[in-house]
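Peer 1: Just passing along the structure, written as structure tokens.
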Amino acid sequence: MRFWKNLITPVLTGLLFLPAMAQNEGGGVLPQDNKPFVVVIDPGHGGVDPGAKGSYSTEAQVALGIGLKLGRLLSEIPNVKVYYTRTTDALPGGGTNIKSALRWRADFANRMGGNIFISIHCNSTSPIPHREFIGYHTEYIRVHHRRVKRRVPRYRHYTTPNIQEGTEVYVWGVSKDDDKNLALRENAPLLNDPEYKSLFDSSSAVLNTIFWNTVQREYTKQSITLASDVENQFAKIGRVDRQVKQRQVGIWVLHATAMPSILIETGFINNPTEETYLNNNQEQIATCIYDAFVNYLAGVKGETTTQVLAGSANPPVIQPVNDNYSYKIQLLVSANKYPVNDPKFSKLEGKVVREKDRVNDSTQYRYLLGNFKTGEDASQRLEMIKLMGYKDAFVVTFRNGKRIDQ
């Protein structure tokens, strides 16, 4: 469904004094289409950026495990589409620059037309520094050419673990409202919607400002609603509730995404007890986030959670996986015979294979990536591949190991 219409059309109605429109039970206007609700899951860190470290695991590893499990759960909800900023232990976008990867995450979410952005992380604390007095020692200094003795205190410096526990969820800080507003203006899905264009006269600077400020406030409200219920779900299973927070210095992936967005700190990986929990109970953590999302989506749609999980009266038919078929992504065709480990493929996640072909008495090479069980999985990965610069890439189908489309 079109999430923005449920939130924004009442704003347009109020600003432009339009006639009343049919509304759903939640107060939002029902969409005229049946487009999926897009969830972008962002497992934090990855690759050269391991994030916080525990005694045997890293934040990047834990976040990826939870993120993939959450995505599988959310994908089972009718009319919900899930995208991941990464699916392997590599920085999103295939690079090695951490700052660029952060920008890529937000840009990817905006390009995918996300309706909600969920970033998964682990918390950590720095050791507590201590200074302990252990006595005096004698030293000599010169004063007016005289050797003078004096006592100097001695200290022992050491640290002790700062053991914390529990979960907390962040939304963007109010100091970043202008940045969020800019992200909305530049990337919000409704900008290209014919209904929006027909209703909203953007030539009015005052109306324009009022409108986008209202959108921003509504997205803040929606973010806090989801964040609060995530914490509630964690509390139900006995996790320590450290509450919903706004970090005033800002979190890039929250204020640069043109949608409601939250960042979940699932626990303290430097706490040995919590590290064990984070590694052994990822399904439980993902289920808590899933339950909160179902409640959130029900509120957006003005439906019960039962209705959300049941889907529409005519839900789409999910085709079973056919083991005879597989799918790959063709990256490029070239007369050049590149090794499959060529630097041009180094940013890609997965194995690249090369096929030789004869076209008009000349040899060409096709370079293919991955081996997907469903066309949908391949298509989702294709979106990310194109963002990495492979503009002409496309999905090809294999039956019993033989390519059936050219």
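Peer 1: To make sure I understand, if each residue's beta carbon is the centre and we count other beta carbons within 10 Å, what order do TYR155, TYR338 fall in, fewest to most?
Peer 2: Fewest-to-most Cβ neighbours within 10 Å comes out as TYR155, TYR338.
Peer 1: Which whole-Hz ³J(HN,Hα) couplings does segment 285-295 yield from phi under the Karplus relation 6.51 cos²θ - 1.76 cosθ + 1.60, θ = phi - 60°, glycine and proline marked x?
Peer 2: Ordered by residue, 3J(HN,Hα) equals 4, 4, 5, 4, 5, 4, 4, 5, 5, 4, 4 Hz.
Peer 1: So how much slack lies between LEU309 and ASP357, counting 0.36 nm per residue of separation and subtracting their Cα-Cα distance, in nm?
Peer 2: Difference between extended and current length: 12.5 nm.
Peer 1: Quickly work out the TYR325-to-VAL48 label distance, labels modelled 7 Å from Cα along the C-beta direction, and quote it in nm with one decimal.
Peer 2: Reported label-point gap for VAL48 and TYR325 is 4.0 nm.
Peer 1: Just rank CYS122, CYS288, fewest to most, by other beta-carbon atoms within 10 angstrom. Let's see the in-between values first.
Peer 2: Details: CYS122 29, CYS288 24.
Ascending number of Cβ neighbours within 10 Å: CYS288, CYS122.
Peer 1: Among the lysines, select those whose C-alpha is under 24 Å from the C-alpha of LYS391, and discard any that sit fewer than 8 residues away in the same chain.
Peer 2: LYS81, LYS99, LYS328, LYS337, LYS344, LYS347, LYS351, LYS356, LYS373
Peer 1: With a 10 Å radius around each residue's Cβ, average the other Cβ atoms per peptide and rank 218-225, 299-306, highest first.
Peer 2: 218-225, 299-306
Peer 1: Moving on to the next point. Please list the equivalent ellipsoid semi-axes of segment 67-158, computed as the square roots of five times the alpha-carbon gyration tensor eigenvalues, in descending order and whole angstrom.
Peer 2: Square roots of five times the eigenvalues give 61, 17, 10 Å.
Peer 1: Here is a further query. Applying 1/(1 + (r/R0)^6) with R0 = 51 Å to the Cβ-Cβ distance of TYR158 and ILE224, what FRET efficiency is obtained, to the nearest 0.05?
Peer 2: So, using R0 = 51 Å, E works out to roughly 0.80.
Peer 1: Shifting gears a bit: Determine which residues of segment 85-127 fall in the zone a paramagnetic label at ASN279 would reach in this model, i.e. backbone nitrogen under 17 Å from the point 7 Å along Cα→Cβ.
Peer 2: Those under the cut-off are 122-124.
Peer 1: Output ³J(HN,Hα) for segment 115-125: one whole-Hz value per residue in order, computed from phi by the Karplus curve 6.51 cos²θ - 1.76 cosθ + 1.60 with θ = phi - 60°, and x for Gly and Pro.
Peer 2: 9, 8, 10, 10, 9, 9, 9, 10, 8, 7, 10
Peer 1: Counting other C-beta atoms within 10 Å, and keeping those with at most 14, which DSSP coil chymotrypsin sites (Phe, Trp or Tyr not before Pro) do you find in segment 328-406?
Peer 2: Details: sites: PHE345, TYR365, TYR367, PHE372, TYR390, PHE394, PHE398; in loops: TYR390.
Answer by residue number: there is no such site.
Peer 1: How many nm is it between the label spots at ALA335 and ASP377, if each spot is 7 Å from the Cα in line with the beta carbon?
Peer 2: Each label point lies 7 Å from its Cα, and together they span 3.7 nm.
Peer 1: Sort TRP104, TRP252, TRP172 so the one with the fewest other Cβ atoms within 10 Å of its own Cβ comes first.
Peer 2: The order, fewest Cβ neighbours first, is TRP252, TRP104, TRP172.
The numbers here are math on the coordinates, done by the rules we state, and not lab data. A quick note: this is a predicted structure, and the numbers were derived from the prediction, not measured. So basically every Cβ, Gly included, is an ideal-geometry build from the backbone, and we count neighbours across all protein chains shown.
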